[in-house]
Every structure is written in structure tokens, then in C-alpha cells.
Amino acid sequence: MKYLAAAVLSCAACAGNAQAQNDVYVCTDENGAKEYKNTGATKGCRKVDLPGLSVAPQPKRAAQSGTAASAGAATTPVNFPKVDAGTQKSRDSDRKLLLQQELNTEEKKLAGLKADFNNGEPERRGDERNYAKYQERVAGMKDDIARSERNIAALKRELANVR
């Protein structure tokens, strides 16, 4: 019952200014069961004294300018290191090369997975005497193929974003 009282009191405190202004009554019936109400019209009710609710105003944000370039310049620290265009171009080309290599590797992996999958009917192995084990392996193969396809799609998106 203590938890119920604490829950009701905290809900009343969190409900906001409009709800915090209402009175809360605890009513006890002939069996001794307590019930919390917003009116004390029935027999056995007494008003609960709730502490006042204090609300802090939301801090105001700085006025934002209309252009994105000036907003980006305002958030960059003054002593932030800058990279010259040649170095950045070299880094971008290295990144593109690495992504292309990863994409080629993932495509080869997908081709191997699809070959093993054999259009949904992979060959049964000797340790799969139980058909449930075979189905479990086939489901795992489907998951691997789907994961590899998602990886390829993500790599292609990443390559499209490289400068």
C-alpha cells in the first residue's frame, strides 16, 4: 500500500500545474482498503497534503541564423585542425579504394553462399541425419545471404557518398 501511495503522489506531482492544483483524498472503506480519489465526498475520506510543485522554465536557445554555412562555422572551434585539399583528396581516394575492395570481397562471399544454398535446396551433409538440423542450417544460410546482401547495399551507398 505504501508503494501505491507513493505512486499516486508522484503521478500527481508529475501531472503538471493543472493537475497539481487539484486536491487528493485518501478514502478508507469498512474493510480497511485505501483508495485515492480527487473528491472527498464519500465517508472515510481525508485530504492528503501534497507538497507544492515547482517548475523550472526551459532554457532559451540562442537565435539561429538563416544559413547553414554560418551555423556550421559558429559550431566549429577556432583552433580546430584543418586539412588541405590535396591531403583530403588523397584520403578520399584511399577510402574509395578500401570500400571497393570490401565490396568485391563481399560480392565474392555472396556468390559462394548462393552456390552453397543451391536455390533453396543445399545438399545434406552426413551429420544431418535429423531433418530439423538440415532445416536449421538452411535457415542460417538464408540469414547469411540476407546479411551479405545488406552489407553490399551499405557499401554501395557508402561508395556513392565518397567525393
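Using Cα positions and a limit of under 19 Å, work out the aspartates and glutamates in reach of LYS43, with same-chain residues fewer than 8 apart set aside.
ASP23, ASP29, GLU30, GLU35
Could you look at the stretch 116-163 and say what percent of its accessible area is carbon and sulfur, using a 1.4 Å probe and all protein chains?
Carbon plus sulfur share of accessible area: 42 percent.
So what are the ³J(HN,Hα) numbers for the stretch 114-122, from phi and the Karplus equation (6.51, -1.76, 1.60; θ = phi - 60°), rounded to whole Hz, Gly and Pro as x?
Rounded to whole hertz, the list is 5, 5, 5, 5, 6, 6, x, 10, x.
Using a Cα-Cα cut-off of under 27 Å, which lysines could be cross-linked to LYS108, ignoring same-chain neighbours fewer than 8 residues away?
LYS96, LYS133, LYS142, LYS156
List, in order, the whole-Hz ³J(HN,Hα) value for each residue of the stretch 38-49 obtained from phi through the Karplus relation with A = 6.51, B = -1.76, C = 1.60 and θ = phi - 60°; use x for Gly and Pro.
Taking θ as phi minus 60°, the curve returns 9, 10, x, 6, 8, 5, x, 9, 9, 6, 9, 8 Hz for the stretch 38-49.
What's the extension gain from GLN101 to LYS82 if we count 0.36 nm per residue and subtract their Cα-Cα distance?
4.0 nm
By a straight-distance test (C-alpha under 20 Å), which aspartates and glutamates pair with LYS82 as possible cross-link partners, with residues fewer than eight away in the same chain excluded?
ASP92, ASP94
The values are calculated or read from the model by the stated rules, or taken from the named source; none is laboratory data. Just so it is clear, the structure is predicted and the values come from calculations on it, not from any experiment. Only protein heavy atoms, including side chains, enter the accessible area calculation; ligands, DNA and RNA are left aside. Shrake-Rupley method; radii C 1.70, N 1.55, O 1.52, S 1.80 Å.
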